[in-house]
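The values are calculated or read from the model by the stated rules, or taken from the named source; none is laboratory data. Bear in mind that the values here come from a model prediction, so they are computed numbers and not experimental data. No Cβ is skipped: glycine too gets one built from the backbone with ideal geometry, and neighbour counts run over all protein chains shown.
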Amino acid sequence: DIASLQEILRAPKLRGGLGEYFLADLLGQILPPDHFSMQFAFRSGEKVDAVVKIGGSLVPVDSKFPLENFKRMLDAVAEDEKGKARKQFASDVKKHIDVIAAKYILPDEGTYDFALMYIPAENVYYETIIKDDAGGGDKSLSHYALSKKVIPVSPNSFYAYLQAIVLGLKGMKIEERAKEIIQYLSRLEGDFSRFKEEFNLVGKHLGHAQSSYQGAEKRLDQFGQKLLAADADKKGLPEP
């Protein structure tokens, strides 16, 4: 993690690229390809580093974490210099939180009403969120972020979050499959009901046909008996 932190704290452009690289790598390891997108563009023209697709909606994820004054804070020797750098760093983070909330939390464009702020190293996350939050109160960066519906995540906490998403997606697939099975059974039930009606109708027709056949058979027997009787009468007549 120290090596990755040193890489992240290089030139600003490289920092941004590494943050996005780490984010894409983590997403690709855990989520199916069709459940996330990198550099997702909104109708407003804004692009967010990534979106996670859950249940038809989007979770925006930003990885452009401001680290310039964090580096100054680490490099500072004097306590007053370190304190100034920390205050400036906290100000940078709050401004970045405001940008994320304004640009990427867009329910009208299909996002959920929150976004994730990806902090690309555990050390930075600890100094920014955990250590800062230890003092408590409404002035902590974590409290400020949550008030703006921006959730800070480190590589480890984001990994756990993604695992929870995977479980949720599996549950959604099971639910969708269950719905498909129920719909199929409903169609079968409808088909069976229609077949039963048609079968009963055919049975009635067959019943009528059988009754007609039996009636015709009786009349035929009666007609045959009459013919036999007439033939017997004919034989009893004198020769002309």
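Screening Tyr125 on (1) touching a Lys or Arg at 6+ places or on another chain (Cβ under 9 Å); (2) in a helix (DSSP H, G or I); (3) of a type in the set (Ser, Thr, Tyr) shows it passes everything except condition (1).
Quick one: is Val77 more than 20 Å from Tyr21 (Cβ to Cβ) and part of a loop (DSSP other than H, G, I, E, B)? Criteria met by Val77.
In the range 17-33, is there at least one residue being touching a residue at least 40 places away in the same chain (Cβ under 8 Å), out of contact with any helix residue (DSSP H, G or I) (no Cβ under 6 Å at 6 or more places or on another chain) and of a type in the set (Gly, Ala, Ser)? Checking the range 17-33: at least one residue is touching a residue at least 40 places away in the same chain (Cβ under 8 Å), out of contact with any helix residue (DSSP H, G or I) (no Cβ under 6 Å at 6 or more places or on another chain) and of a type in the set (Gly, Ala, Ser). Scanning the range 61-74 for residues that are out of contact with any strand residue (DSSP E or B) (no Cβ under 7 Å at 6 or more places or on another chain) and either assigned to a helix (DSSP H, G or I) or not hydrophobic (A, V, I, L, M, F, W, C) (or both) returns Pro66, Glu68, Asn69, Phe70, Lys71, Arg72, Met73, Leu74.
The set of residues from the range 102-122 being surrounded by 15 or more Cβ atoms within 10 Å (Cβ to Cβ), among the hydrophobic types (A, V, I, L, M, F, W, C) and out of contact with any Phe, Trp or Tyr (no Cβ under 9 Å at 6 or more places or on another chain) comprises just one member, Phe114.
Being outside any helix (DSSP H, G or I), polar (S, T, N, Q) and modelled with pLDDT under 90 is a property that Ser37 lacks.
When Tyr144, Tyr125 are checked against the criterion of being farther than 25 Å from Leu18 by Cβ and surrounded by 16 or more Cβ atoms within 10 Å (Cβ to Cβ), Tyr144 stands alone in meeting it.
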